[in-house]
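**Student:** Take this structure, written in structure tokens, and hold onto it; I'll ask about it next.
The values are calculated or read from the model by the stated rules, or taken from the named source; none is laboratory data. None of the values given here were measured: they were computed from a predicted structure. In this analysis, Cβ positions are derived from the backbone assuming ideal geometry, glycine residues included, and neighbour counts consider all displayed protein chains.
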Amino acid sequence: MQDVRADDIALNGSSPRSLMTSPEPAPDEPSDDDVVDVDVLVVGAGITGLYQLYRAREAGFSSQLLEAGDGVGGTWYWNRYPGARFDSESYTYGYLFSKDLFEEWEWREHFAEQPEIERYLNHVVDRFDLRRHIRFGAKVTSAVYDAGAWRVVAGDGTTYRAQYFIAATGVLSVPYYPEVPGRENFRGESYHTGLWPAAPVDFADKRVAVIGTGSSGVQIIPAIAGTVASLTVYQRTANWCTPLNNAPITPDEQAELRAGFEAMCETLNTSPSGFLHLAHDRATFEDTKEERWAFYDKMWSSPGFSKLTSNYSDLLMDEAANAEWCTFVSEKIRSIVADPKTAEKLIPDEHRFGEKRPPFVTGYFEVYNNPNVDLVDLRRTPILRMTDNGIETSDGVREFDIVVWATGFDFGTGALARMDIRGRDGVALRDHWADGPRTFLGIQTTGFPNFFFPGGPHAAAGNNPRYNGDQVDFVTDTLIYVRSHGFDVIEVGAAAEDKWTDMIDRWATRAPSFGESSYYFGSNIPGKPRKYLLNSAGRPKLFTEIAKVIETDYQAFRLSRSSDPAPLGASG
């Protein structure tokens, strides 16, 4: 079987082992002469990691970035399946720190496809001379805090001693394969959307199965349906899919974007969601039914996330308002899909709009009108096992040449838990987070000094690069503060961590947060603690708490010198 496994991805760590230093290095351990010293070591060459590398270097820290893959992009390097693209507007997702960069790069589409995204990120790396600070093929296998610094070992044999260790490993880094008996026996081709090969996959005239109809599944399904001999879609849960409404960016629009750069930055840097979309000015039932349906049609034709951010103001707060929007979307699905039974399978019946991340699609529902496409409802006919030649459900066996696993990720903590990260006294991060992540501001956790993870758990709910960029800016400003005040060790106090984590847990089930069946609670991973993995209070709460930290001279943290016998400063 040709099957790319999750263990091959960046940051899927090896088995735990201690790398605590000793007076005489073990034979297989590098001596201090072989260890590379660096101020800031960043892990992960995605959008967040590249920005962190840029900020650290510009702030005068010696900096190095380790990346397991052979190129930059992170999520946009590994997820190169047909149809993969942004569902945030391209110009709002890219970097905003340089007006020159913004003006010289012309996005082709409002929602760019993966190849263009990868080209853009490579352009950024070369434009700002970052490539010489990046080591590719260097998957981190362990990171241990000792004597005021981090000792980080990569799978390519290099070892680093870093004052500050920043894991920009992202929340969509570890693909998840459900436990299906016989998966290893399948003799055809098998791929996960989150670990797509660089070489194109030939779907022509093949019998193809796609398992999963989340954000990745609904992108790849219409992209390959016209090429394959047959396409069978295995759906566990229907999602509230609405049109992406992508289009090329016209020359006039390019000019408008350049002219409005400063105003756009102001909006994106202050928006609660990190989008340009304007909020609607009224609640649902302030309009007549005729007015509401006309407005819903406008929303249906609007781009991407505006269906969440620019819809009626009470859409995610009022059950009746949400139910009516769902009724409208259901009517649209029934009007598109010719077979009534298939249409009903595609309409969610166990969650409201916005309780799970709603996918935005192009031609998705129309695909089910093709005679070579079939939809299997796994709630009615669950998968029993994979055979040598296909998939067996309770309804029988179907044979396939290719199986695509669009089954999502170990969201939020997956990458961090798989690295062998050990803080004070050798405590493993996965043990510290055994009952779910505990953080302050989604950037640091108690017992792990000088360790930061922007873009990780308790991070964005919205346009990720905007929120993650806020965290990178705060981390960098914090390192500058520590340096300028003569310290070299910073660790969040337990009280600050407790307060922030309690807030996350307390607000997790309040509207407009996602529902507990969402993977944002880790509900898709068997045995994973049910804890909210985003910041349930959103970007405004992050801004408020950062302002408090600055106003109080970092009293939430313990600041010390590695040469001191005990930490200085407040306990948090």
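**Student:** Check the range 279-301 and report whether any residue there is surrounded by 19 or more Cβ atoms within 10 Å (Cβ to Cβ), assigned by TED's automatic domain parsing to the domain that holds Arg357 and in contact (Cβ under 8 Å) with a residue 60 or more places away in the chain.
**Tutor:** no
**Student:** For the range 432-439, does any single residue satisfy the condition of being touching a residue at least 24 places away in the same chain (Cβ under 8 Å), surrounded by fewer than 23 Cβ atoms within 10 Å (Cβ to Cβ) and part of a helix (DSSP H, G or I)?
**Tutor:** Checked the range 432-439: no residue is touching a residue at least 24 places away in the same chain (Cβ under 8 Å), surrounded by fewer than 23 Cβ atoms within 10 Å (Cβ to Cβ) and part of a helix (DSSP H, G or I).
**Student:** May I pose another question? Before we move on, is Gly274 surrounded by 17 or more Cβ atoms within 10 Å (Cβ to Cβ) and modelled with pLDDT under 95?
**Tutor:** Judged against the criteria, Gly274 is a match.
**Student:** Among the residues of the range 99-119, how many are free of Cβ contacts under 8 Å to residues at least 12 places away in the same chain and closer than 21 Å to Asp470 by Cα?
**Tutor:** The total comes to 1.
**Student:** Read through the list (1) under 21 Å from the mean Cα position of the chain (by Cα); (2) in a loop (DSSP other than H, G, I, E, B), then give the number of the only condition that Asp129 fails.
**Tutor:** Result: Asp129 passes all but (1).
**Student:** Residues of the range 64-81 being aliphatic (A, V, I, L, M) and farther than 15 Å from Tyr95 by Cβ, which ones?
**Tutor:** The answer is Leu65, Leu66, Ala68.
**Student:** Tell me, yes or no, whether the range 253-275 has at least one residue that is under 27 Å from Leu375 (Cα atoms), not in a helix (DSSP H, G or I) and not aromatic (Phe, Trp, Tyr).
**Tutor:** No, that holds for no residue.
**Student:** Can you list residue pairs whose Cβ atoms sit under 7 Å apart, with the first residue in the range 354-372 being farther than 21 Å from Ser306 by Cβ and the second being basic (Lys, Arg) and loosely packed, with under 15 Cβ neighbours inside 10 Å? Count only pairs 6 or more apart in sequence or on different chains.
**Tutor:** none
**Student:** While we're on this one: Name the one entry in Thr362, Thr381 that is in contact with a Ser or Thr (Cβ under 7 Å, 6 or more places away or on another chain) and either within 30 Å of Ile166 (Cα to Cα) or among the β-branched types (Val, Ile, Thr) (or both).
**Tutor:** Thr381
**Student:** In this structure, is Ile383 more than 17 Å from the chain's Cα centre (by Cα), crowded, with 23+ Cβ neighbours inside 10 Å and touching a residue at least 60 places away in the same chain (Cβ under 8 Å)?
**Tutor:** When the stated conditions are applied, Ile383 does not pass them.
**Student:** Restricting the range 188-223 to residues that are more than 24 Å from the chain's Cα centre (by Cα) and β-branched (Val, Ile, Thr), which is farthest from Lys356 (Cα to Cα)?
**Tutor:** Checking each candidate, the answer is Val201.
Matching residues to (1) exposed (fewer than 13 other Cβ atoms within 10 Å of the Cβ); (2) within 28 Å of Tyr481 (Cα to Cα); (3) out of contact with any Gly (no Cβ under 7 Å at 6 or more places or on another chain):
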{"position": "Tyr519", "(1), (2), (3)": "no, no, no"}
{"position": "Pro529", "(1), (2), (3)": "no, no, no"}
{"position": "Leu534", "(1), (2), (3)": "no, yes, yes"}
{"position": "Gly538", "(1), (2), (3)": "no, yes, yes"}
{"position": "Leu542", "(1), (2), (3)": "no, yes, yes"}
{"position": "Ile546", "(1), (2), (3)": "no, yes, yes"}
{"position": "Val549", "(1), (2), (3)": "no, yes, yes"}
{"position": "Thr552", "(1), (2), (3)": "yes, yes, yes"}
{"position": "Gln555", "(1), (2), (3)": "no, yes, yes"}
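**Student:** From the list Arg385, Arg380, pick out the single residue that is of a type outside the set (S, T, N, Q) and either assigned by TED's automatic domain parsing to the domain that holds Ala149 or not in a loop (DSSP other than H, G, I, E, B) (or both).
**Tutor:** The unique qualifying residue is Arg385.
**Student:** Moving to a separate point now. Taking the range 135-179 as the region of interest, how many residues are among the hydroxyl-bearing types (Ser, Thr, Tyr), touching a Ser or Thr at 6+ places or on another chain (Cβ under 8 Å) and either in a loop (DSSP other than H, G, I, E, B) or surrounded by fewer than 20 Cβ atoms within 10 Å (Cβ to Cβ) (or both)?
**Tutor:** Going through the range 135-179 one residue at a time, the tally reaches 3.
**Student:** Provide a single number: the residues in the range 99-125 that are acidic (Asp, Glu), surrounded by 13 or more Cβ atoms within 10 Å (Cβ to Cβ) and closer than 18 Å to Leu50 by Cβ.
**Tutor:** Adding up the residues that qualify gives 2.
**Student:** For the range 126-142, which residues satisfy the criterion of being under 18 Å from Tyr51 (Cα atoms) and touching a strand residue (DSSP E or B) at 6+ places or on another chain (Cβ under 6 Å)?
**Tutor:** His133, Ile134, Arg135
**Student:** Hey, another quick one. Please determine whether any residue of the range 363-371 is surrounded by 14 or more Cβ atoms within 10 Å (Cβ to Cβ), in contact with a helix residue (DSSP H, G or I) (Cβ under 6 Å, 6 or more places away or on another chain) and in a loop (DSSP other than H, G, I, E, B).
**Tutor:** Looking through the range 363-371, at least one residue is surrounded by 14 or more Cβ atoms within 10 Å (Cβ to Cβ), in contact with a helix residue (DSSP H, G or I) (Cβ under 6 Å, 6 or more places away or on another chain) and in a loop (DSSP other than H, G, I, E, B).
**Student:** Output the residues belonging to the range 465-484 that are farther than 16 Å from Phe557 by Cα and among the basic types (Lys, Arg).
**Tutor:** Arg466
**Student:** Also: Just a yes or no: is a residue in the range 444-459 within 30 Å of Asp318 (Cα to Cα), surrounded by fewer than 22 Cβ atoms within 10 Å (Cβ to Cβ) and not polar (S, T, N, Q)?
**Tutor:** No: the range 444-459 contains no residue that is within 30 Å of Asp318 (Cα to Cα), surrounded by fewer than 22 Cβ atoms within 10 Å (Cβ to Cβ) and not polar (S, T, N, Q).
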